[in-house]
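*Asks:* Below: one structure in structure tokens.
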Amino acid sequence: MHSLILLLISLCLPFLCLGKGKWCYDIQDASCGPSHWKIDYESCGYKKQSPINIVTRNAQSNVHLTPIIFEGYDDLDTDDKWTITNNGHSVQVTLKGDIAIKGGDLPNRYKAVQFHYHWGTKVDPGSEHTIDGEQYPMELHIVHMNEKYSDINDAVKDPEGLAVLGFMFVESPEENSKTEPLINALKTVPQPGDSKPLEPFLLKEMILDQERLKKYYRYHGSLTTPGCFEAVIWTVFEEPIRLSKGQLDAFSETLFYNASQHKALNFRPVQKRNGRIVYVSDSAVRPFDAAVLSVLLAVWSSILFN
């Protein structure tokens, strides 16, 4: 039963197969792009949609946003292979084994189900969330399901049914060797529907180091693809992951929407916040805080030396 559930999640996420119409991104066909999703998927027009623009100076500090506890991210406890899939909209890795997160003011333990990416082109950014209006080259989503559920269809009915970790990417002059297993696997699934076994690796190698995981933003939102269910506790990390330009470009160069069109710009534009509060962990350093600190230091120096 557990294997069947994972298979269904693999086939349906990031776009849960619970809608009635075709959907796509504008680069594929504007007539079925994000602005049209709410026609066939009513919940895509609701008030707590994702992604959003995170305005750091407006984020409210929350002492309960302690460091998230990552379980199984540093352990290969399964003999089963993962699966990498070109699902037509993104590239997705379906996970096996006991990988989970808890703490950080999450209401329960959440089991990792899959991860996928959203990216741009060689010259255009492609992240879904933006921070202070800045869109990044790429964004990673690691999707976790509240462990009280065994069926994703039940989880998406609960505002706390899913917990998704969002990581931004920036270009680095050096390659990130830790991501090479994933980068190398892209070429095995170039076309929609391609799916191959993937040798498991330490999931912690795909994200930030422990110290930088303490800095994050938190809000309640939705899946960023149809059916856009408002069932997600979002955690967006402040610091980006670094990849070389060649590694970033590998996604748009290697993967395709169809036989001829490269897969790129597979992101939903930011949605209205509609009064939702974005919280920030105490460990995060916001530009506003840095500015205030600079002023205080200047005043203190003036007092000392004048």
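The values are calculated or read from the model by the stated rules, or taken from the named source; none is laboratory data. This structure is a prediction, so every number in the text was calculated from the model and none was measured. Note that each Cβ is placed from the backbone with ideal geometry, even for glycine, and that neighbours are counted across all protein chains shown.
*Asks:* Which residue out of ASN184, ASN176 is touching a helix residue (DSSP H, G or I) at 6+ places or on another chain (Cβ under 7 Å) and over 21 Å from ILE52 (Cα atoms)?
*Replies:* ASN176
*Asks:* Within the range 183-218, which residues are under 28 Å from GLN60 (Cα atoms) and surrounded by 18 or more Cβ atoms within 10 Å (Cβ to Cβ)?
*Replies:* Scanning the range 183-218 gives ILE207, LEU208, LEU213, LYS214, LYS215, TYR216, TYR217, ARG218.
*Asks:* What pairs come out if I take residues in the range 240-263 that are farther than 10 Å from GLU171 by Cα and in a strand (DSSP E or B) and pair them with residues that are modelled with pLDDT of 95 or more and charged (D, E, K, R) whose C-beta lies under 7 Å away, six or more apart or interchain?
*Replies:* Every condition considered, the pairs that remain are PHE256/LYS263; HIS262/GLU253.
Residue-by-condition table, conditions (1) of a type in the set (Ser, Thr, Tyr); (2) in contact with a helix residue (DSSP H, G or I) (Cβ under 6 Å, 6 or more places away or on another chain); (3) modelled with pLDDT of 95 or more:
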{"residue": "GLU42", "(1), (2), (3)": "no, no, yes"}
{"residue": "GLY45", "(1), (2), (3)": "no, yes, yes"}
{"residue": "LYS48", "(1), (2), (3)": "no, no, yes"}
{"residue": "VAL55", "(1), (2), (3)": "no, no, yes"}
{"residue": "LEU65", "(1), (2), (3)": "no, no, yes"}
{"residue": "SER90", "(1), (2), (3)": "yes, no, yes"}
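*Asks:* Just checking, which of THR56, THR66 is surrounded by fewer than 22 Cβ atoms within 10 Å (Cβ to Cβ), more than 27 Å from LEU198 (Cα to Cα), hydroxyl-bearing (Ser, Thr, Tyr) and in contact with a Phe, Trp or Tyr (Cβ under 8 Å, 6 or more places away or on another chain)?
*Replies:* Every option except THR56 fails the conditions.
*Asks:* Now a separate question. Hey, THR78 hits all of (1) at pLDDT below 95; (2) of a type in the set (S, T, N, Q); (3) more than 20 Å from the chain's Cα centre (by Cα); (4) not in a loop (DSSP other than H, G, I, E, B) but one; which does it fall short on?
*Replies:* All conditions pass for THR78, except number (4).
*Asks:* Among the candidates LYS187, LYS263, which residue alone is more than 16 Å from the chain's Cα centre (by Cα) and under 22 Å from GLU128 (Cα atoms)?
*Replies:* Only one candidate qualifies: LYS263.
*Asks:* With respect to GLU128, determine if the residue is free of Cβ contacts under 8 Å to residues at least 12 places away in the same chain and within 19 Å of the chain's Cα centre (by Cα).
*Replies:* no
*Asks:* One residue is enough: does the range 65-74 have a residue meeting the conditions in a loop (DSSP other than H, G, I, E, B) and within 18 Å of PHE267 (Cα to Cα)?
*Replies:* Within the range 65-74, not a single residue is in a loop (DSSP other than H, G, I, E, B) and within 18 Å of PHE267 (Cα to Cα).
*Asks:* Still on this structure: How many of the residues in the range 173-196 are among the small types (Gly, Ala, Ser) and without any contact (Cβ under 8 Å) to a residue 40 or more places away in the chain?
*Replies:* 1
*Asks:* Can you confirm whether the range 287-299 contains a residue that is closer than 30 Å to ILE233 by Cβ, under 22 Å from the mean Cα position of the chain (by Cα) and at pLDDT below 85?
*Replies:* no
*Asks:* Also: Conditions first: (1) surrounded by fewer than 23 Cβ atoms within 10 Å (Cβ to Cβ); (2) touching a Lys or Arg at 6+ places or on another chain (Cβ under 8 Å); (3) over 14 Å from VAL232 (Cβ atoms). GLY88 passes all but one, so which condition is the exception?
*Replies:* Among (1) surrounded by fewer than 23 Cβ atoms within 10 Å (Cβ to Cβ); (2) touching a Lys or Arg at 6+ places or on another chain (Cβ under 8 Å); (3) over 14 Å from VAL232 (Cβ atoms), GLY88 violates only (2).
*Asks:* Without any contact (Cβ under 8 Å) to a residue 40 or more places away in the chain, surrounded by fewer than 20 Cβ atoms within 10 Å (Cβ to Cβ) and out of contact with any Gly (no Cβ under 8 Å at 6 or more places or on another chain): which single residue out of VAL170, VAL123 fits that description?
*Replies:* Sole residue among the options that is without any contact (Cβ under 8 Å) to a residue 40 or more places away in the chain, surrounded by fewer than 20 Cβ atoms within 10 Å (Cβ to Cβ) and out of contact with any Gly (no Cβ under 8 Å at 6 or more places or on another chain): VAL123.
*Asks:* State all residues of the range 135-152 that are buried (at least 16 other Cβ atoms within 10 Å of the Cβ), within 19 Å of GLN114 (Cα to Cα) and modelled with pLDDT of 95 or more; if no residue qualifies, say none.
*Replies:* If the condition is that a residue be buried (at least 16 other Cβ atoms within 10 Å of the Cβ), within 19 Å of GLN114 (Cα to Cα) and modelled with pLDDT of 95 or more, then MET138, GLU139, LEU140, HIS141, ILE142, VAL143, HIS144, MET145, ASN146, TYR149 are the ones that fit.
*Asks:* If a residue must be closer than 18 Å to VAL270 by Cβ, part of a helix (DSSP H, G or I) and not basic (Lys, Arg), how many such residues does the range 31-64 contain?
*Replies:* Count: 9.
*Asks:* Can you pull out every residue in the range 158-177 that is in a loop (DSSP other than H, G, I, E, B) and within 15 Å of ASN108 (Cβ to Cβ)?
*Replies:* Matches in the range 158-177: ASP158, PRO159, GLU160, GLY161.
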